[in-house]
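Report on one structure; see the data block that follows.
The values are calculated or read from the model by the stated rules, or taken from the named source; none is laboratory data. It should be emphasised that the depicted structure is a prediction, and the values quoted were computed from it without experimental measurement. Note: ideal-geometry Cβ built from the backbone for every residue, glycine included; neighbour counts use all protein chains shown.
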Amino acid sequence: MPDQTTLQDLQRLLAEMQGTTSRSRATVRYAGTLTDAQKKALQTAVSSKFPEVKECVFEEASELIAGLQIMYEDYLYDDSLRTRFQRLRQKLLS
C-alpha cells in the first residue's frame, strides 16, 4: 500500500497547511455509495465516540466488497466483509 501511505502523508501535510490537525479529522472508507444522510449519520456516530473529531473525510474504497472502515489516530474500526469472513473463519477453526 505505498500509494495509500503517500496519500495519507499528503492529506496530513495539507491539513497542517490549512491549520486543521489530523487529531480533529477521521477517515471513513466505504464500499459502494453513501447518501448525504448516511454520511451525516456516520459523522454524528464518530463525533459521539470521539468528541474531538470535527470532520470526517469520506473515501470510496474500491477494494472493499462491502462494509466500511473508520480510522482515527491509532484506532481502526473495520466492519468490512473481508474482516467479517476472517472472524468467521477463526471461529470455525477454533
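Data overview
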| read-out | value |
| --- | --- |
| Options TYR77, TYR72; residue that is under 10 Å from the mean Cα position of the chain (by Cα) and farther than 19 Å from GLN11 by Cα | TYR77 |
| Failed condition for SER48, given (1) surrounded by 15 or more Cβ atoms within 10 Å (Cβ to Cβ); (2) farther than 20 Å from SER80 by Cα; (3) modelled with pLDDT of 90 or more | (1) |
| Residue count for segment 43-94, restricted to those that are touching a residue at least 24 places away in the same chain (Cβ under 8 Å) and aliphatic (A, V, I, L, M) | 11 |
| Which numbered condition LEU34 misses (of (1) surrounded by 12 or more Cβ atoms within 10 Å (Cβ to Cβ); (2) over 20 Å from LEU7 (Cβ atoms)) | (2) |
| Members of segment 1-32 found to be of a type in the set (Gly, Ala, Ser), at pLDDT 70 or above and not in a strand (DSSP E or B), listed by number | SER24, ALA31, GLY32 |
| Residues of segment 40-64 satisfying the condition of being assigned to a loop (DSSP other than H, G, I, E, B) and within 13 Å of ARG25 (Cα to Cα) | PHE50, PRO51, GLU52, VAL53, LYS54 |
